[in-house]
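Enquirer: Please find one structure pasted underneath; my questions will follow.
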Amino acid sequence: MLTRMDRGPGLALAVRGDAPFSLTPTEEEVTVKPGGKIELALKVARDEKFKDPIQIFSATPNFGPRAPGNQPPPVIVTVGADKTEAKISLDVPANTAPGTYTLVLRGQSPAPPPKGGQPIARAAATFPSVPVTVVVEKK
């Protein structure tokens, strides 16, 4: 059966304000062997009003800690509210094929409390880092 998602000439967009933080790795390319570790420094630039800690996750499958079963991915590191840099260490699986990969880290911060004290569900602030090229060499 064939179906159509959209019957008209439209495009849905979400318009947001500026990001409360940005994540920029200090290196653009990293070379590693299978079974090795990716070591990165991650710079955090915050909006002057943003004072919350940021949890860093790997948004790239097979790099970083694995979640057991259907659990959410584990946090790699938490950047404190007063910090502007974090050291990241990610394991590269020993069975990773040689080649070039793209690593993206994801920063997430708790949702701010709602104004007026109304208990409503709010999405957490989640933003990706600048990508890093990972070159996996032969053993």
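Where a number appears in this text, it was derived from the coordinates with a stated rule and is not lab data. Since the model is a prediction, treat every value here as computed from it, not as a measurement. Cβ atoms come from the backbone with ideal geometry, glycine included; neighbour counts cover every protein chain shown.
Enquirer: Given a Förster distance of 22 Å, report the FRET efficiency between A94 and E29 from their Cβ-Cβ distance, rounded to the nearest 0.05.
Expert: 0.55
Enquirer: Additional query: Can you run phi through the Karplus equation (6.51, -1.76, 1.60; θ = phi - 60°) for region 75-80 and list ³J(HN,Hα) in whole Hz, with x for Gly and Pro?
Expert: 6, 7, 7, 10, 8, x
Enquirer: Name the long-range amide H neighbours of L105: under 5 Å, sequence gap of 5 or more, or other chain; modelled H, no Pro or chain starts.
Expert: It is A59, S129, by chain and number.
Enquirer: So, one more: On a full-extension model of 0.36 nm per residue, what is the gain between R66 and A41, subtracting their alpha-carbon distance, rounded to one decimal in nm?
Expert: 6.9 nm
Enquirer: Now, a different point. Take the cross-link list K33/K87; K37/K139; K87/K138 and give me the ones stretching past 24 Å between alpha-carbons.
Expert: K87/K138
Enquirer: Report Rg(Cα)/(2.2 N^0.38 Å) for region 12-60, keeping two decimals.
Expert: 1.55
Enquirer: Please list, in chain and number order, the residues 5+ apart from I88 or on another chain whose amide H is under 5 Å from its amide H, with Hs placed from the backbone.
Expert: L40, A41, L42
Enquirer: A further question follows. Between E137 and A123, what is the label-point separation in nm under the 7 Å Cα-to-beta-carbon projection?
Expert: 4.2 nm
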